[in-house]
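Take a look at the structure below.
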Amino acid sequence: MNGRPEKHSLTLRGHRTSVSLEAEFWEAFRALARARDQGINELATEIDESRGNRGLASAIRVTVLRTLQEDARATRD
């Protein structure tokens with residue numbers, strides 16, 4: 001993993017879009033989708049619908065980060 005963002009295509013509500021994320025975020029995003037028993041397009045659509053003014057790639061990163069933080073807190077408690 002070289003740290004450079006990788007561009008992948010997603011389909012949101014029938015429309016294709018490209019998102020660039022670092023390989024580590026793609027891996028964590030896919031794991032999050034699996035944990036929620038969703039495909040990445042379905043999860044990306046949910047994130048897209050609630051992202052406000054934030055870009056989709058940023059919204060995905062923040063969702064991944066928040067989920068990891070919540071999991072860490074739950075493990076501590």
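Scan (1) surrounded by 14 or more Cβ atoms within 10 Å (Cβ to Cβ); (2) part of a loop (DSSP other than H, G, I, E, B) for the single condition R4 breaks and write down its number. Of everything listed in (1) surrounded by 14 or more Cβ atoms within 10 Å (Cβ to Cβ); (2) part of a loop (DSSP other than H, G, I, E, B), R4 misses just condition (1).
Summed over region 50-77, the residues that are loosely packed, with under 10 Cβ neighbours inside 10 Å, assigned to a helix (DSSP H, G or I) and of a type in the set (D, E, K, R) give a count of 2. Residues of region 7-49 that are closer than 19 Å to L68 by Cα and part of a strand (DSSP E or B): L21 alone.
No lab work stands behind these numbers, since they all come straight from the coordinates. Not measured: the values here are computed from a predicted model. Because the Cβ atoms are built from the backbone with ideal geometry, glycine has one as well, and the counts that use them run over all protein chains shown.
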